[in-house]
Structure formats: structure tokens, C-alpha cells
Amino acid sequence: VANLKLKEVESENDKIEINNLKRKLSESKHIVDELKERIKCPVCLEIPQTGPVPVCPNGHLVCNECRKRVGNACPTCRVAMGEGKSLLAVTVIENIDHQCKFVDCGEVFSHEEIEKHSKVCCQRTVSCPHSNCNVKVGLSKLLDHFRDCSFLAYRITLEQVSAVKTLYFTPTNVKGKKDWFFKLSAFTCEDISFCLKVEKRDWLYNVYLVMLATEEECSEYKIEMTVHERNATSDDSVVTFKFCGKPCSIDIDEKEIYGLKIDKTGMEQILNKSRNGAFSVSFSIRKIPTLLITM
């Protein structure tokens with residue numbers, strides 16, 4: 001009987017302790033929610049994920065991105081923003097969890113992890129690789145965008161990623177144009193997707209292979225691209241230009257994109273071999289063995 005009463009007392013004490021913890025958690029959550037509300041940007045209604053956080057003389061906050069757009073007037077009280085920064089807002093930011101900013105993700109991370117996640121989130125916003133297409137979509141929806149993109153010529157599934165693929169290009173309606181752009185060719189093989197991008201800017205012909213992946217993932221692959229005569233293989237062509245390296249990441253800004261660049265004089269040696277100024281691009285992509293990557 002005594003043991004039974006002792007167990008009842010312990011059970012009752014456990015219930016009280018659990019209820020106290022729930023109350024404290026509820027109070028803590030309320031405080032955190034209140035702090036989040038106080039540091040929320042009044043323009044975009046988002047919680048900044050990094051500092052510094054601009055603050056006006058009256059204590060009103062605005063995130064860095066919106067600060068650039070609103071000019072020098074505080075969006076809340078309209079006084080001059082000045083150069084003030086909120087140390088308190090940064091302290092809050094560094095001690096709360098943050099929800100991923102990309103649509104269709106919604107995952108929550110600590111302040112230390114949210115930036116790392118943003119760089120690899122499969123829902124991160126990317127631009128269509130074609131220079132004339134202004135569409136921005138989540139990475140996971142980019143292949144769906146290609147179905148409707150008027151700047152896409154082909155979408156091909158490859159059985160073997162390392163096989164050499166050759167595409168033919170014929171400039172049309174480009175007379176007198178300084179810049180012109182061929183349509184993209186998209187390829188998918190196993191778990192990777194990439195695009196061949198060919199364009200002419202000023203006096204340079206540019207050929208890029210853009211992989212729909214992070215820069216770190218791109219470093220696991222090696223590509224070879226060869227521009228050669230339309231009616232000859234890359235081995236038989238009298239004049240060829242070749243690029244060996246890693247593919248470009250879809251995350252790279254267009255100003256930083258790299259690949260094969262050929263000046264007008266060199267390219268004319270290939271174009272003059274064809275009646276209609278056509279040329280070929282052959283390429284291959286292969287995964288680097290893990291041992292070589294880590295060496």
C-alpha cells in the first residue's frame with residue numbers, strides 16, 4: 001500500500017513538472033515570437049538572416065536589401081536613416097531559428113546552418129541559362145520551365161553521360177547583328193542535368209556547359225568541348241578549338257561564367273569551310289573518380 005501511494009505521488013509530481021515545462025516553453029516561444037516580430041522588416045515583412053541591420057534614429061529597423069531600395073528615408077517614420085546599425089537585432093538574429101526563404105522549402109535551421117542550406121537548397125531561385133530569357137524559378141522547377149521556354153531547341157536524355165555528343169549550329173538572321181544567341185540544348189543523364197549554351201558577343205564566340213548543380217557538385221565532373229568544322233569530326237577537322245575543365249554551375253552569375261571563347265579571326269577559319277557558315281560542337285562530360293578529387 002505504501003509503495004502504491006509513493007508511485008501515485010511520484011506520478012502526480014511528474015505531471016506537475018511536465019505542466020511547468022510546457023508553461024515555460026509556451027512563455028519562451030511567446031517571447032521569441034515577439035522578438036521576431038520586432039526585428040521583421042516593415043517593407044518585405046521578412047526576418048533578416050544576417051547582420052548588420054540598419055536602424056533609423058527612432059529605432060525602426062529595415063533589412064539591408066530593402067534599405068537599398070527605399071533610399072535614405074525610414075519606411076516607418078520617414079526620417080533620414082543615417083548610418084545606424086542595430087546590435088540588438090543582430091543578437092536576436094544569431095540566437096533564433098530561421099525558415100528557408102525559398103518558396104516550397106519551408107525547412108527551419110539555426111543561424112549557423114541557414115546560409116549553408118540556402119546555397120544548396122533544391123528550391124533555391126535560379127535564372128534560365130539562356131541570356132535572353134528573364135525567367136527565374138526554383139531549381140527543382142527549371143526542367144519544367146524548359147518545356148515552355150522558347151529559347152530551348154532540344155531536351156535530350158542520354159543513356160551514358162561520358163559518351164561524346166555532337167550538335168550542329170547554323171547562324172540564321174544574324175546579318176548586321178553584333179550579338180546573337182543560339183537556342184539552348186538541355187541534357188539529362190542519371191542524376192545530372194546540364195545545358196549547352198552557344199552565343200556570340202562582340203568579337204567573341206562563347207561555348208559554355210552549364211550544370212544544374214552547385215559549384216561543389218560541378219567540381220566532381222570534367223568536361224571536354226571542341227568547336228570544329230560542320231562536315232568533319234573533331235579529329236578530322238583542320239581547325240579546332242578545345243576547352244577542358246569543369247562545367248559551370250547554374251548558381252554562377254552570367255558575368256562570371258567560363259568556357260570556350262574563340263575570337264572572330266579564329267572562328268572564321270571554321271565558318272569559311274561551310275557554305276552557310278555552320279559549325280559543330282562536340283562535348284563529353286564524365287565524373288572524376290572520388291580518389292582523384294580528394295588527393
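The values are calculated or read from the model by the stated rules, or taken from the named source; none is laboratory data. Model, not experiment: these values are computed from the prediction. As a convention, Cβ positions derive from the backbone with ideal geometry for all residues, glycine included, and neighbour counts pool all protein chains shown. Areas reflect the complete protein model, heavy atoms only, side chains present, ligands, DNA and RNA absent. Shrake-Rupley method; radii C 1.70, N 1.55, O 1.52, S 1.80 Å.
Key figures for this structure:
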item	result
For region 71-194, share of DSSP beta bridges that run antiparallel, in % to the nearest 5	65 percent
Inter-centroid distance (Cα atoms) of region 174-201 relative to region 85-149, Å	26 Å
Under Karplus coefficients 6.51, -1.76 and 1.60, residue-wise ³J(HN,Hα) of region 138-145 in Hz, glycine/proline x	x, 3, 5, 9, 5, 5, 5, 4
SER140, SER274, ranked by accessible area, largest first (probe 1.4 Å)	SER140, SER274
Label-reachable residues, region 202-239, where backbone N falls under 12 Å from a point 7 Å from ALA153's Cα toward its Cβ	none
Relative contact order for the chain, counting Cα pairs under 8 Å that sit 6 or more residues apart, in percent	12 percent
Longest exposed-site-free window of the chain, the sites being chymotrypsin sites (Phe, Trp or Tyr not before Pro) in a DSSP loop that have at most 14 other C-beta atoms within 10 Å	1-202
Sum of -39500 (n - 2.57) over DSSP H runs of 4+, divided by residues of the chain (222 nm, nearest 500)	-9000 deg cm²/dmol
Full-extension gain in nm, ASN231 to ASP104, via 0.36 nm per residue minus C-alpha separation	41.0 nm
Potential extension, GLU268-ASN134 segment - 0.36 nm per residue separation minus Cα distance	45.2 nm
At R0 = 35 Å, FRET efficiency that the Cβ-Cβ distance of LYS36 and LYS68 yields, to 0.05	0.95
Label-point separation in nm, TRP180 to VAL238, each point 7 Å along Cα→Cβ	2.3 nm
Shape of region 97-223, Cα gyration tensor, a/c cut at 1.5	prolate
Gain in span if fully extended, LYS29 to GLU115, counting 0.36 nm per residue against the direct Cα distance	28.6 nm
Cut-off 15 Å, label 7 Å out along Cα→Cβ of LYS165, residues of region 226-265 by amide N	226, 247-248
Whole-number percent relative contact order across region 177-232, with pairs defined as alpha carbons under 8 Å at least 6 apart	25 percent
Sequence-separation-based contact order of region 68-167, relative, with Cα cut under 8 Å and 6+ spacing, percent	13 percent
Label-point separation, ASP144 to SER219 (7 Å along Cα→Cβ), nm	3.2 nm
Around VAL227: net Lys/Arg minus Asp/Glu count, Cβ-Cβ under 15 Å	+1
